[in-house]
Amino acid sequence: PYQYCFRNGDSGNFECGTSKTKEYTVTSGETYTIYAYVMDKAGNVSSTLNKSVTPKNPEMTPLELVAKKPQGLTQNLVGGMYRYQGTDNVPNWICFGTKNQNQCKSEYDKYMYRIIGITPEGQMYLLKETTLKEENTKRFSWDTQYKLTGPEYSKCTNGICHEWNEANIFQRINGISNGTQPGESSYFTGTNYTGTDIFVDSTYYDYLKSGDKINGEEKESDWYKLINTHSWYYGDTTELDNLYNGDYMYAIETGNAKTTHYIQKPVGSTTIVEEKYQWTKTVPAKISLMYVHDILYAYPGGNPSSAEDRKNCWIATLKDGYDNYTWENLSTRTGWDDEGLGVGAMAFNKGYIEDNATYNPGGVRPVFYLTSEARITGGEGTQSLPYILG
């Protein structure tokens, strides 16, 4: 043979040369069809052969990623895991829900996530890059002012269910609530500042869980199976003091430190009850919201000295698209009164961690743990080349 000719794809010109091999830049997971023929000096050509290939990068476990020492990922355990710390350019972007990197980038609101950290067991802890968008809004309330009566009254503080396992956001993102509560035909998460009802349906949960239909029956998606069921700590108090110390807040939010417990008695007055361990309850679930200590630990060293410092961590740069930065955390704080609620959700706003009435809406950015079976099969963790899961 005088020349070897190659073409990548069903159309276009062949490239000919004296080399028996040809290199192409490809994307892991994409399918390519390569055509080839040979030609002698007289211009006679052979028949054209073709072969379809789907290149795959070598799989990498989460702990192998830790061992590679990527920029910003701690090499020691911080709050129970190896965590990404630093500014917005830390390479912790990852796609979830698609193996197609281009689709992940073009449908950013749906598929793009950030890796908060990796546990010693090899579970990646993911945060949705953008806030949820359902029914033309990006702002949802932690809960309503809905009150239980009769025998149900004793289940919640003053008949109002605001703890995480009862909160409407928790139930909806985990597919628990069907949208109704006793005595109400359409349970909504609250009203926005103009008085318009804001409903949260189960769009996000349905998207994660729904798989292909087999024999007419819908099966659980492989992506949903990758999400681990985790025991989430919750409690009825998060102090607004010491919101610059990640270790302190981590101890509180995992039931290992005492904090001041408040109640409303009567409405409008705050009574200190005692110092006690508040965050001793857990609820098993796949999807949750981020803790306050997750925000603090995203700052280098885990102890930002001011709200200005907190603005400089990568989590603080995420925007919710409506209020710019305000979005809900898992934490609640009692002792903060608004129309007799006696409880406030903790919101994150432009570096500030602050009280927010439970019925005031904010952005919802879910978090979840992947099982240790998850593998990285491509990408570099950057925004332009996010990690791909196999």
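The values are calculated or read from the model by the stated rules, or taken from the named source; none is laboratory data. These numbers come from a predicted model, not from an experiment. Here the Cβ positions follow ideal geometry from the backbone for every residue, glycine too, while neighbour counts run over all protein chains shown.
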Check your understanding: Quick one: in the stretch 296-308, which of the residues that are out of contact with any Phe, Trp or Tyr (no Cβ under 6 Å at 6 or more places or on another chain) and assigned to a helix (DSSP H, G or I) is nearest to ASN92 (Cα to Cα)?
Key -> TYR297
Check your understanding: Tell me, which strands (runs of 3 or more DSSP E) lie completely within the stretch 1-107 with 1 or more residues that are polar (S, T, N, Q) and surrounded by 11 or more Cβ atoms within 10 Å (Cβ to Cβ)?
Key -> 3-8, 32-39, 49-53
Check your understanding: Give me the pairs: first residue in the stretch 82-111 and in contact (Cβ under 8 Å) with a residue 40 or more places away in the chain, second residue basic (Lys, Arg), beta-carbon distance under 8 Å, and six or more apart or on different chains, which are they?
Key -> TYR84/ARG114; ASN92/ARG114; TRP93/ARG114; ILE94/ARG114; GLY97/LYS110
Check your understanding: Is it the case that some residue within the stretch 311-326 is in a strand (DSSP E or B) and either surrounded by 17 or more Cβ atoms within 10 Å (Cβ to Cβ) or at pLDDT 65 or above (or both)?
Key -> no
Point to revise | Looking only at the stretch 279-295, and only at residues there that are part of a loop (DSSP other than H, G, I, E, B) and at pLDDT 85 or above, the one that is surrounded by the fewest Cβ atoms within 10 Å (Cβ to Cβ) | key: LYS286
Revision key, fill the gap. When the stretch 108-127 is checked residue by residue, the ones that are touching a Phe, Trp or Tyr at 6+ places or on another chain (Cβ under 7 Å) and in a helix (DSSP H, G or I) are TYR111
Revision key, fill the gap. Filter the stretch 241-265 for residues that are of a type outside the set (Phe, Trp, Tyr), farther than 27 Å from ILE118 by Cα and surrounded by 15 or more Cβ atoms within 10 Å (Cβ to Cβ); the one that is modelled with the lowest pLDDT is GLN264
Review point. Yes or no: ASP337 modelled with pLDDT under 70 and buried (at least 22 other Cβ atoms within 10 Å of the Cβ)?
Key: no
Review point. Given the structure, is THR48 in contact with a helix residue (DSSP H, G or I) (Cβ under 8 Å, 6 or more places away or on another chain) and of a type in the set (Val, Ile, Thr)?
Key: no
